[in-house]
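A short write-up of the structure that comes next.
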Amino acid sequence: MGRRGFFRGSACPCGGGRAPAKRAGAERAGAIMAILALLFLLPASGEGQSRKRVPVDLSTAIVQVAKQNIPAVVHLDIMERQEVENPLFPFENDPFFRYFFGNPKSPRKFQRELRGLGTGMIIDAKGYILTNYHVAGGATKIEVSLADGRKFPAKLVGGDPKTDLAVVHINTKEPLPHITFGDSDKMEVGDWVIAIGHPRGFDQTVTQGIISAKHRRGITDPTGYQDFLQTDAAINPGNSGGPLLNLYGEVVGVNTAIASESGGSEGIGFAIPSNMAVHVVKTLIAHGKVERGWLGVGVQDLSPELAKSLGAGAARGAVVGEVAKGGPADRAGLRKNDVIVAFQGTEITDGASVRNMAAMTPVGQDVKVTVLRQGRRQDFVVKVGSLQEAVRYTAGAIKERFGAEVRAITAKDAQKFGLDPKQGVAVSWVDPKGPLGAAGFEVGDMILEINGQAITGIESFVELVGSLKPHQRVTLLAVDHKSGNAGAVQVTLR
């Protein structure tokens with residue numbers, strides 16, 4: 001009947017021995033079943049985005065959802081070239097090494113080809129398929145297997161590492177079965193969900209569970225735009241990119257990660273909410289990349305101590321710690337120590353909410369930001385800026401906090417040091433007495449990571465810096481421009 005069953009072994013309330021007791025137990029069980037059937041047949045409170053609500057019978061719902069959606073769930077075979085460090089490279093300048101092996105002049109890095117598996121879901125009849133960025137984002141070859149056994153080569157349309165989403169496309173002569181998105185905001189803790197995917201290569205696997213929690217953040221990338229649904233539906237390696245569905249057969253999440261020490265399901269899985277996925281998918285199909293909005297503020301969570309000192313009482317929200325001079329928020333009139341409590345009428349619960357909502361807002365759109373200023377509620381209209389604009393306005397903040405200025409990696413840099421042109425930033429100016437100068441950085445040195453998070457260009461660097469706190473101690477992965485050696489350097493920001 002239910003997810004775990006009402007009667008199991010000696011726990012069965014019907015007892016044993018005499019026939020009347022058995023009949024009484026059966027009658028009680030029948031009554032319980034009838035009541036539950038009535039409960040599950042009640043109409044749902046909300047309407048789907050594109051499908052009319054119908055009554056749900058739990059005894060057949062999972063079967064119906066599986067039949068309805070399995071044809072739209074695909075298996076992805078991925079080939080990817082991965083660049084790895086040459087294990088001999090660090091020893092080539094060692095006299096002892098040269099005595100035995102001469103001077104082989106081997107490359108610092110070499111490439112190897114890896115094969116991976118994942119899941120995807122067809123999102124329209126034209127052959128667009130949604131999956132995870134970590135599945136298809138770095139692929140050199142993608143093959144898609146449909147539920148009916150047909151195979152097609154696929155092309156990457158675009159990917160977004162910050163939400164771990166990617167879209168690929170296959171060309172077919174006939175329309176394809178596809179999924180329907182639901183409203184992830186309407187999901188509640190305890191709602192039933194179904195996962196479909198290809199865990200460990202076992203095609204068309206269906207599992208079920210509930211929504212265990214909402215708004216889980218910082219699971220994989222602390223600087224990413226994450227707002228996961230947590231579920232106990234079994235999710236294993238290979239499920240990545242597959243759908244998490246409600247009992248109406250609507251996709252409410254994209255399965256992406258598990259919390260496990262064994263590498264298998266331990267009842268803690270995470271899915272990207274469908275509302276976030278829909279926004280990213282539309283942008284990737286239209287532009288091949290995601291352009292995020294920028295509010296021009298640095299925020300932090302509102303703690304009880306801060307709320308008291310700022311006269312915010314028991315309010316929930318995010319405290320404005322920094323306002324980029326001349327940026328969108330500054331032009332609209334926001335100030336340091338304002339407490340943001342709503343964004344476009346939606347309640348703000350923490351700093352990540354502000355960042356995510358601003359990022360998902362189209363550049364140039366006017367938004368209403370509600371703040372508490374000295375205990376008084378005020379509304380401001382902010383025209384959302386872009387990350388390109390953020391680069392211009394935050395250059396001063398970067399110079400102040402790092403004691404340095406940076407530029408993009410050039411093609412010459414990339415070739416000389418074996419780097420991807422989109423990987424990292426280079427130091428273009430450094431204050432000898434600043435944080436980077438004191439740590440030994442020089443002009444021309446390159447920064448590839450901050451606290452283990454890869455830098456993929458100037459905009460990525462700005463995003464990462466914006467997530468750091470004043471006086472925070474960070475670990476930078478850097479490349480020395482003279483020797484080409486890479487190493488970790490710890491720096492305390494201003």
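The values are calculated or read from the model by the stated rules, or taken from the named source; none is laboratory data. In this text the structure is predicted, and so the values were computed from the model without any measurement. As a convention, Cβ positions derive from the backbone with ideal geometry for all residues, glycine included, and neighbour counts pool all protein chains shown.
Just a few scattered comments:
- Boolean, Ala271 is assigned by TED's automatic domain parsing to the domain that holds Gly182 and more than 30 Å from Arg331 (Cβ to Cβ): yes
- For segment 325-352, filtering for residues that are polar (S, T, N, Q), without any contact (Cβ under 8 Å) to a residue 40 or more places away in the chain and more than 21 Å from Thr394 (Cα to Cα) leaves 2.
- Number of positions in segment 60-75 that are part of a helix (DSSP H, G or I) and either of a type in the set (A, V, I, L, M) or over 24 Å from Asn132 (Cβ atoms) (or both): 10
- Tabulated pairs, segment 151-173, first closer than 16 Å to Gln226 by Cβ, second assigned to a strand (DSSP E or B) and among the polar types (S, T, N, Q), C-beta under 7 angstrom, 6+ apart or interchain: Asp164/Thr256; Ala166/Thr131
Condition check ((1) crowded, with 17+ Cβ neighbours inside 10 Å; (2) assigned to a helix (DSSP H, G or I)) across all residues:
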position: Glu459; (1), (2): yes, yes
position: Val462; (1), (2): yes, yes
position: Val465; (1), (2): yes, yes
position: His471; (1), (2): no, no
position: Val474; (1), (2): yes, no
position: Ala478; (1), (2): yes, no
position: Gly484; (1), (2): no, no
position: Gln490; (1), (2): no, no
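- Filtered residue count, segment 282-296, keeping only those that are among the polar types (S, T, N, Q) and either part of a loop (DSSP other than H, G, I, E, B) or loosely packed, with under 14 Cβ neighbours inside 10 Å (or both): 0
- Long-range neighbours under 9 Å by Cβ, at least six apart or interchain, first residue on the phi > 0 side of the Ramachandran plot and assigned by TED's automatic domain parsing to the domain that holds Leu468 within segment 430-452, second surrounded by 14 or more Cβ atoms within 10 Å (Cβ to Cβ) and among the β-branched types (Val, Ile, Thr): Gly440/Val489; Gly444/Val427; Asn451/Thr223; Asn451/Val474
- Flag for Ile211 being within 18 Å of Ser240 (Cα to Cα), touching a residue at least 40 places away in the same chain (Cβ under 8 Å) and either surrounded by 18 or more Cβ atoms within 10 Å (Cβ to Cβ) or out of contact with any Ser or Thr (no Cβ under 7 Å at 6 or more places or on another chain) (or both): no
- Test for Lys412: is it out of contact with any Leu (no Cβ under 8 Å at 6 or more places or on another chain) and closer than 11 Å to His481 by Cβ: no
- Checking Leu436 against (1) touching an Asp or Glu at 6+ places or on another chain (Cβ under 7 Å); (2) among the hydrophobic types (A, V, I, L, M, F, W, C); (3) crowded, with 19+ Cβ neighbours inside 10 Å, the condition it does not meet: (1)
- Count - residues of segment 297-325 that are of a type in the set (Gly, Ala, Ser), within 20 Å of Thr361 (Cβ to Cβ) and either modelled with pLDDT of 90 or more or not in a loop (DSSP other than H, G, I, E, B) (or both): 3
- Failed condition for Val371, given (1) of a type outside the set (Asp, Glu); (2) under 21 Å from Gly326 (Cβ atoms); (3) touching a helix residue (DSSP H, G or I) at 6+ places or on another chain (Cβ under 9 Å); (4) in the same structural domain as Gly327 (by TED's automatic domain parsing): (3)
- Exactly one residue out of Glu463, Glu405, Glu400 is charged (D, E, K, R), in contact (Cβ under 8 Å) with a residue 40 or more places away in the chain, at negative phi and touching a helix residue (DSSP H, G or I) at 6+ places or on another chain (Cβ under 9 Å), and it is Glu463.
- Taken as a whole, the structure leaves Glu389 outside the set of residues that are closer than 20 Å to Leu476 by Cβ and either in contact with a strand residue (DSSP E or B) (Cβ under 7 Å, 6 or more places away or on another chain) or in contact (Cβ under 8 Å) with a residue 12 or more places away in the chain (or both).
- Among (1) more than 20 Å from the chain's Cα centre (by Cα); (2) modelled with pLDDT of 95 or more; (3) not β-branched (Val, Ile, Thr) - the single one Phe181 does not satisfy: (1)
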